[in-house]
Ligand code: ACM
Ligand code: ZN
């Protein structure tokens, strides 16, 4: 039996007591009816995890969930006593997180006919409200079963946001009824490297509803991203009239940053955005929509008469400044639909005439500078700096045999990520996120290898109070945790963690 209750992220406090909780089979999960949904989801997870036939076990031992009248929604307390485990939480979120911590311990301890845990009191709560993970489903397409399995594993670590990157130059994955060619044409690309075959795919409305419901059951908010006005080759291939030159365009099968972007002088951009935002509003209950805004190239706007006319209308001086005007318009359109815009940190490069609306949340990826500036200007911020362990498509080590981009992002770097390290406006920092861009990640198994265990390190960086966050302690818990992830069938990196680099 575990002498120590080891989990990731590390809980805020564990106090051991005398005695042992022993259970034959799996425990029943009961208590307040308001936790019935959470109890049902976790019961199914446990049965799957240990492949046991009878979820209620032989001895009628129980996890009893009680709703407490107030308290942080995501916090929980657990008492493990010889006769039962009791869990207190103020909301479904707290109850779910507490049950995931227990799930980790049960995953380690279950031996085929039951498990034992040492008696203890556990108190736990998150450090940051935004603990995100982004999956790029454009550069390579991932199936719904893969995404669901990944979301389930993320939720084991108290990750609470799945940022779904749905569009990019290499493929459009969102069905939009008013613009059928976005998926008919924009979701498929020729793969020269695969003997000229088409590859790609898109999610149906039912697929999206299935993922959103699955994630909601696991207390994860799904935030869709539609990247505008750059990274738009797939849109242009489908609707060439939306570009400055009129094309011809293709859904890109190269990776990089491309000069063809949506024409800033064509109102069609906003007609498209209106239909896309209506679609997103119907499918995603999240109050956030990510509008991208990264890596926009301005050469086409410089040469385009329609964009020049727009410059005159808006009173702006250079084509580059048109992005600020577009961002303001897109933000307002989302506000009309009750949604808050998130943008990559380039949206900070605004203008006096069209300042970034204060409601826009800035996602800082080119280091932390943009995020710090944004927080000082009163914006809410999510830190996901590529320089500090948040880019999960970078290699785990310098070894050229490792998959991923030829840049380094160690487990240690992910663990050391601290969203508020340099800012004087801590309250503005919502948290952080790990991103899996997928240019080089062409299969789900490789995606798992890139994600685990770096996301475990990031999850602890975003959840665990700084007083008990400790890399050496994490390194001791990690092997136990990786065995759990093995049981869930996840492929993982297991080499050097990078502390000495
Ligand atoms: C990004 O990595 N282009 C946000
Ligand atoms: Zn133009």
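Each value in this text was obtained by applying a stated rule to the coordinates, not by laboratory testing. Please read these numbers as outputs of a predicted model, since none were measured by experiment. Counting neighbours? That spans all protein chains shown, and the Cβs are built from the backbone with ideal geometry, glycine included.
Only bridges whose two residues both fall in the range 21-132 count here: according to DSSP, what percent of them are antiparallel, nearest 5?
Details: 14 of 23 bridges.
About 60 percent, rounded to the nearest 5.
Roughly how tilted is helix 305-314, in degrees to the nearest 10 and between 0 and 90, from the longest Cα axis of the chain?
Taking the Cα atoms of the chain, the angle to 305-314 is about 70 degrees.
Could you state the number of Å between the C-alpha centres of the range 409-482 and the range 83-98?
Spelled out, the Cα-based centre of one part sits 24 Å from the other.
Over the alpha-carbon set of the range 11-136, work out the extent along each principal axis and list the three values in angstrom, largest first.
For the range 11-136, the Cα extents along the three principal axes come out at 40, 38, 27 Å.
For each of 324, 287, count neighbouring Cβ atoms within 10 Å of the residue's Cβ, then give the residues from fewest to most.
287, 324
Pulled fully out, how much extra length does the chain show between residue 109 and residue 281, if you take 0.36 nm times their separation in residues and subtract their Cα-Cα distance?
57.6 nm
How much of the pair distance distribution for the range 361-468 lies past 20 Å, counting alpha-carbon pairs only, in percent? Show your work: numbers first, answer last.
Values: 2260 of 5778 pairs.
Within the range 361-468, distances greater than 20 Å cover 39 percent of Cα pairs.
Whole number please: convex hull volume per residue, Cα atoms of the range 165-304, in Å³.
Details: hull volume 15.8 nm³, N = 140.
Cα convex hull per residue, to the nearest whole number: 113 Å³.
Given labels modelled 7 Å from the Cα in the Cβ direction, how far is it in nm from residue 317 to residue 421?
Distance between the two pseudo-spin positions: 3.6 nm.
Could you please state, rounded to a whole Å, how far the C-alpha centre of the range 189-210 is from the C-alpha centre of the range 256-306?
21 Å
In whole angstrom, note down how far apart the Cα centers of the range 349-386 and the range 149-183 are.
23 Å
Could you calculate, for the chain, the ratio of the Cα radius of gyration to the Kirkwood radius, expressed as Rg to Rh? If you can, show how the numbers build up before the last one.
Details: Rg = 23.7 Å, Rh = 23.8 Å.
Using only Cα positions, Rg/Rh for the chain is 1.00.
Ranked by Cβ crowding within 10 angstrom, fewest neighbours first, how are 184, 74, 210 ordered?
With the fewest neighbours first, 184, 74, 210 line up as 184, 210, 74.
For the chain, what is the calculated [θ] at 222 nm in deg cm²/dmol (nearest 500), taking -39500 (n - 2.57) for each run of four or more DSSP H residues and dividing by its residue count?
-10000 deg cm²/dmol
For a quick check: sort 383, 134 by the number of other beta carbons within 10 angstrom, fewest at the front.
Least to most surrounded, the residues fall as 134, 383.
At residue 274 and residue 399, where each label point lies 7 Å from the Cα along Cα→Cβ, what is the point-to-point distance in nanometres?
Distance between the two pseudo-spin positions: 5.5 nm.
Taking the simple approach of a point 7 Å from Cα along Cα-to-Cβ for both residue 257 and residue 245, what is their distance in nm?
Output for this residue pair reads 1.9 nm.
Going 7 Å from the Cα of residue 51 along its beta-carbon direction, which residues of the range 112-137 have the amide nitrogen within less than 17 Å of the resulting point?
112-114
Tell me the relative contact order for the chain as a rounded percent, counting alpha carbon contacts under 8 Å between residues six or more apart.
14 percent
In the chain, what percentage of the DSSP-assigned beta bridges are antiparallel, given to the nearest 5?
Taking every DSSP beta bridge within the chain, about 40 percent pair in antiparallel fashion.
Take the range 62-140, compute every pairwise Cα distance, and split them into 5 Å bins from 0; I just need the percent in each bin.
Going from the shortest bin to the longest, the percentages are 3, 14, 21, 21, 14, 10, 8, 5, 3, 1, 0.
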